[in-house]
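So the structure is just underneath, and the comments pick up after that.
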Amino acid sequence: MVLNNLNYPLDFKFKITTLASDFNITDKNGNYVAYVRQKMFKLKEDVIVFNDESKSKELFRIRANKWIDFNASYALTEVNTGKNFGRLARKGMRSLWKASYDILDAQDQPKFKVQENSAWVRFWDNFVGEIPIIGMFTGYFLNPTYTVTGIDGKVYFKLKKMPSFFGRRFQLDRLIDIDDEEESLVILSLLMMTLLERSRG
């Protein structure tokens, strides 16, 4: 199974009525693409991608290779077949200042890089976010953008945090065409990255 024939941009919208980090993914026409749930109280990150909010069918699983850690990586697998798509790897200490991730294929070969565009947006988001009351509204004016670049140097995707209360909306746009399997690899990686980055503010 691959995530293909998608109508971009895709919207990631977090639910604020659940304790878990759950979010819906819909296409530009409002059709369901997937429903993402992060399991709670796990020492290792464990994320399930369902077909929709009914959670009637598991599509993919994303699991960390170690306990919460700056150098953790996240394996991306299809539930039915156990097919390994690859993994998302966080770039250690550099992610403290500006988010940086590598996306590797099933053979563990680097295929894409994800880079946060501005370190200053992160800095001010974290700084202002600590101010009582005012910090609640940073989601309306401090919104990072992430760029996905291939090893060929081309920019394939842009992920933007959209103005919203509690930072609950992200939007993903594809800029140029891409192979179906590689598209699935990137989207699954970005689902995990969105959970990680949103939890950090």
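Each value in this text was obtained by applying a stated rule to the coordinates, not by laboratory testing. Everything numeric in this text was worked out from a predicted model, so none of it was measured. Cβ coordinates were reconstructed from backbone atoms using ideal geometry, including for glycine residues, and neighbour counts include every protein chain displayed.
For residue 104, neighbours were defined as the other residues whose beta-carbon sits under 11 Å from its Cβ, and their charges (Lys and Arg +1, Asp and Glu -1) total 0.
For the residue pairs 55/98; 91/161; 57/154, alpha carbon separations beyond 32 Å are given by 55/98; 57/154. What is the calculated FRET efficiency for residue 80 to residue 175, with r their C-beta to C-beta distance and R₀ = 35 Å, to the nearest 0.05? My answer for the efficiency is 0.70.
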